[in-house]
1. Write out, first by first residue and then by second, each pair whose Cβ atoms fall under 9 Å of each other, whose residues are 6+ apart or on separate chains, and whose first residue, in the stretch 28-47, is among the aliphatic types (A, V, I, L, M) while the second is open to solvent by 90 Å² or more (accessible area, probe 1.4 Å) and at pLDDT below 95.
2. Looking at Ser99, Ser150, can you tell me which residue is open to solvent by less than 40 Å² (accessible area, probe 1.4 Å) and either out of contact with any helix residue (DSSP H, G or I) (no Cβ under 8 Å at 6 or more places or on another chain) or under 26 Å from Leu62 (Cα atoms) (or both)?
3. Quick one: how many residues across the stretch 109-125 are under 25 Å from Ile66 (Cα atoms) and open to solvent by less than 70 Å² (accessible area, probe 1.4 Å)?
4. Could you tell me which residue of the stretch 52-100 is nearest to Gly179 (Cα to Cα), considering only residues that are touching a Gly at 6+ places or on another chain (Cβ under 9 Å) and of a type in the set (A, V, I, L, M)?
5. Which residue pairs have Cβ atoms under 8 Å apart, sit 6 or more places apart or on different chains, and have a first residue in the stretch 160-171 that is under 18 Å from Tyr98 (Cβ atoms) and a second that is open to solvent by less than 100 Å² (accessible area, probe 1.4 Å) and part of a helix (DSSP H, G or I)?
6. Mind checking whether some residue in the stretch 126-142 is among the hydroxyl-bearing types (Ser, Thr, Tyr), open to solvent by 20 Å² or more (accessible area, probe 1.4 Å) and either touching a residue at least 24 places away in the same chain (Cβ under 8 Å) or touching a helix residue (DSSP H, G or I) at 6+ places or on another chain (Cβ under 8 Å) (or both)?
7. Can you name the number of the only condition in (1) under 16 Å from Ala84 (Cβ atoms); (2) of a type outside the set (Phe, Trp, Tyr); (3) open to solvent by less than 70 Å² (accessible area, probe 1.4 Å) that Glu158 fails?
8. Name the residue that is least open to solvent (accessible area, probe 1.4 Å), counting only residues in the stretch 162-177 that are part of a helix (DSSP H, G or I) and under 26 Å from Thr65 (Cβ atoms).
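The values are calculated or read from the model by the stated rules, or taken from the named source; none is laboratory data. The model shown is predicted, which means the values in this text are computed figures rather than measured ones. Note that each Cβ is placed from the backbone with ideal geometry, even for glycine, and that neighbours are counted across all protein chains shown. Keep in mind that these areas ignore ligands, DNA and RNA; they rest on the heavy atoms of the full protein, side chains included. Shrake-Rupley method; radii C 1.70, N 1.55, O 1.52, S 1.80 Å.
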Amino acid sequence: MRKLLLTALLSLGGLALNTAMANNLVAGQHYAVLANPVTTSQADKIEVVELFWYGCPHCYQLEPTISSWKKELPEDVNFVKIPAMFGGIWNLHGQLYYSLQALKVDDSVHDAVFEALHERNRRLASLPEITAFVGGLGIDKDAFEKAWNSFGVKSQLEKAKKLAIAYQVSGVPALVVNGKYRFDIGMAGGLRETAQVADLLIEKERGAR
């Protein structure tokens, strides 16, 4: 009984927090409005884009929140993850992300990349090191290198670079809702609040349709 009561109180607390945040969500403070909206990949859905870098500590901290949150998204929301590429190792890790995506690996592989960088002091700063690492995860090295050098992956990289410019992103993690609203952990007020701001902006877009 006490457990049920606690669960109910926590649910009510979360609802109150969402309501309070909705009433106080301010453009320019909690999120930025893009002067030039970016076309989304699926016109019939509300798109949420997360720009990240495997080597970013804040991206690593946000990952569990995003992973749980995206599993509960309704069918009219499309979540897209995009690696930010500001040159050097950022670009290398972006190519790693899209190569893994081309091989249709599950989320546990991406988790392993984060953990290698943040928990095991691996840099993954060259193709040989990356290939050896993914091979250790049970991924066929030849298939990985084929994906790495593929036209599809290179096209994704160029598209991602253009989108980051269009979103006017200068740091990560950053989220963009429906090509119109951009915000980060600092603007949202914390890790938990980041998902809440995304939910509220999704509702804003849903209500505008």
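1. Ile46/Arg209
2. Ser99
3. 10
4. By that ranking, first place goes to Ile82.
5. Ala160/Gly94; Ala160/Tyr98
6. yes
7. Every listed condition holds for Glu158 apart from (3).
8. For the stretch 162-177, the residue satisfying everything is Ala164.
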